[in-house]
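First up is the structure itself, then whatever we jot down about it.
Every number in this text was worked out from the coordinates using simple rules, so none of it is lab data. Note that the structure is predicted; figures quoted are calculated from it, not measured. Using ideal geometry, Cβ is built from the backbone for each residue, glycine included, and neighbour counts are taken over all protein chains shown.
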Amino acid sequence: MAAEQDSKPEEALEETEAAPKSSSKKFILIGLVVLLLSGGGFAGWKFLWAGKASEKDDQAAVKTEEALEDVDTSPEFIYEMEPFIVNLLGDRGKRYLKTKLDLEVESEDVNSELKKRTPQLRDAILLLLTSKTFEEICKPEGKIQLRNELIARINQLLQGGAVRTLYFTEFVVQ
C-alpha cells in the first residue's frame with residue numbers, strides 16, 4: 001500500500017507539470033492567431049483607406065495641374081549673361097564670387113538692346129559686384145538687396161524697356 005501511495009503523488013506531479021506546458025502552448029497559439037488576425041485586419045484597413053486617399057490625392061493633383069496650365073508663369077524673354085568671377089571687397093582679395101545672371105525682360109526689343117549693350121552691362125555689373133563684401137551678400141537679405149541694385153543699375157542703361165526680374169542661376173562665394 002505504501003508503494004501505491006508513493007506512486008500516486010508522482011502521477012499527480014506529472015499531471016500538474018504537463019498541464020502548464022499544454023496550457024502555455026495553447027496560450028501562445030491563441031496569441032499568435034490573435035496577432036495574425038489583428039495584423040491582417042490592419043493591413044486590410046490600410047489598403048482600403050490608402051486606396052481612397054490615393055484617389056483623393058490624384059484628383060487634387062489633376063486640379064492643381066489644370067490651375068497651373070491656366071496661369072502662364074513661364075517668362076517669354078530671358079537674356080542669359082556669361083558668368084562673372086570677381087574679387088569681393090575686403091579680406092585682401094581672398095574672397096571670390098562666381099555668379100551667373102539671367103534677366104527676364106518685357107519684350108524682344110529689350111532683349112535685343114541688352115545684346116547690343118553687353119559690354120556696358122558687364123562693366124556696370126562688375127563695378128557693383130566688386131563693391132560688395134562677403135558679409136553683405138552671404139545672407140538671403142543681402143542677395144535680395146544685390147538683386148534689386150543690379151536691376152536698378154541695368155534699367156538705368158536701357159532706353160527701350162526694363163528688366164522685370166533678375167535670376168541668380170549660379171552664386172558661389174569662395
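The set of residues in the stretch 76-101 that are surrounded by 15 or more Cβ atoms within 10 Å (Cβ to Cβ) and aromatic (Phe, Trp, Tyr) comprises 77, 79, 84.
Residues in the stretch 132-174 that are of a type outside the set (Gly, Ala, Ser), without any contact (Cβ under 8 Å) to a residue 60 or more places away in the chain and more than 19 Å from residue 104 (Cβ to Cβ): 10 in all.
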